[in-house]
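S.K.: Take a look at the following structure, please.
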Amino acid sequence: MQATRKIGEYRYDYSSLMATDKVKTETGAARFKEPYTGPGCAGGILIGVSYFLCVLFFPFSLYYTIKVITEYERVVIFRLGRVLPGGAKGPGLLFILPCVDEIKMMDLRTVCRDIRPQKILTKDCVNITVDAVVYSRIFNPNLSVCYFENPHLSISIMAATTLRKTLGKRDMAEIICDRKKIAREITRKFDRQTANWGIKLERIEIKEIKLPKDMERSMAAEAEAARQARAKVITAKGEQNASRALKEAADIMSQSPAAIQLRYLQTLKSVATKNNSTILFPLPMQLSQGYAHS
């Protein structure tokens, strides 16, 4: 039977999420070696007194004992300083004993945090500054609350360290071109390292890579030179094609004198249209041919 929960008009399927996180939860839970043995004699007395006070001040005690847990939250209950067995509680109504229970609210939604700009020396000895963002979520509230004061801050600091190590082994050109590949590699490393932390790195994205000013100028000059070289090659090929076409046109027009005359008149018409103040005196073509033969 699939674990689903309907929220408004939408139905969320938690089956795949629970199956994915089950192995990690069991691996992390193995760190709790000491079993829960109960509150003891003195703890039992305090719990009994707490129940007595709840009954004595009923219904006013409901304000302190009943908590409403939303869909995206889970609560870890510490009774007399020990985590209650059964995992995190919620969502729904939750009963809390006053004076003996302490609750820690954990948000299961994905949290986005910016990593402080990291100055990194690449493999080819170039100083760059990298800005990145980390997306993480808590999948086991018990582990995360027991081992971290601020889980999301801890994983963002570790992400910054891993980012520095990973980028320091690569060239600048590889970092600029393979951002997605680097992000996937860092995510795989986190999956192995944070299996028993109760928190998962969803993804890491490199937002911006800042280069030194002199490096930017040299790269811009190199790119401009490459563009100019390509432009010259394209212009030369165009002139070559144009000269070849003119040669073919000249060969065709040389076979028909009337075509040369028509082309001459067409040229006069185009010149007269653009430059109206210019006066042209056309000469007969036979006259020019006579001068040519003489």
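The values are calculated or read from the model by the stated rules, or taken from the named source; none is laboratory data. Just so you know, these numbers come straight off a predicted model, no measurement behind them. Glycine gets a Cβ as well: all are built from the backbone with ideal geometry, and neighbour counts include every protein chain shown. Each accessible area value is taken on the protein alone, full model and side chains, heavy atoms only, with ligands, DNA and RNA left out. Shrake-Rupley method; radii C 1.70, N 1.55, O 1.52, S 1.80 Å.
S.K.: Output the number of residues of region 124-159 satisfying the condition of being part of a strand (DSSP E or B) and of a type in the set (Ser, Thr, Tyr). Steps first, answer last, please.
M.R.: Kept after step one, since they are part of a strand (DSSP E or B), are these residues of region 124-159: 127-138.
Narrowing further to those that are of a type in the set (Ser, Thr, Tyr): 129, 135-136.
Count: 3.
S.K.: Could you identify the single residue in Val83, Val68, Val75 that is open to solvent by less than 30 Å² (accessible area, probe 1.4 Å) and of a type outside the set (Ser, Thr, Tyr)?
M.R.: Result: Val75 is the single residue among Val83, Val68, Val75 that is open to solvent by less than 30 Å² (accessible area, probe 1.4 Å) and of a type outside the set (Ser, Thr, Tyr).
S.K.: So which residues in region 201-224 are assigned to a helix (DSSP H, G or I) and either at positive phi or surrounded by fewer than 10 Cβ atoms within 10 Å (Cβ to Cβ) (or both)?
M.R.: Lys213, Asp214
S.K.: Among the residues of region 98-115 satisfying the criterion of being outside any strand (DSSP E or B) and either out of contact with any Leu (no Cβ under 9 Å at 6 or more places or on another chain) or free of Cβ contacts under 8 Å to residues at least 40 places away in the same chain (or both), which is surrounded by the fewest Cβ atoms within 10 Å (Cβ to Cβ)?
M.R.: Among those that are outside any strand (DSSP E or B) and either out of contact with any Leu (no Cβ under 9 Å at 6 or more places or on another chain) or free of Cβ contacts under 8 Å to residues at least 40 places away in the same chain (or both), it is Arg109.
S.K.: Being at pLDDT below 85 and open to solvent by 80 Å² or more (accessible area, probe 1.4 Å) is the filter here; which residues of region 225-253 pass it?
M.R.: Result: Leu246, Lys247, Glu248, Ile252.
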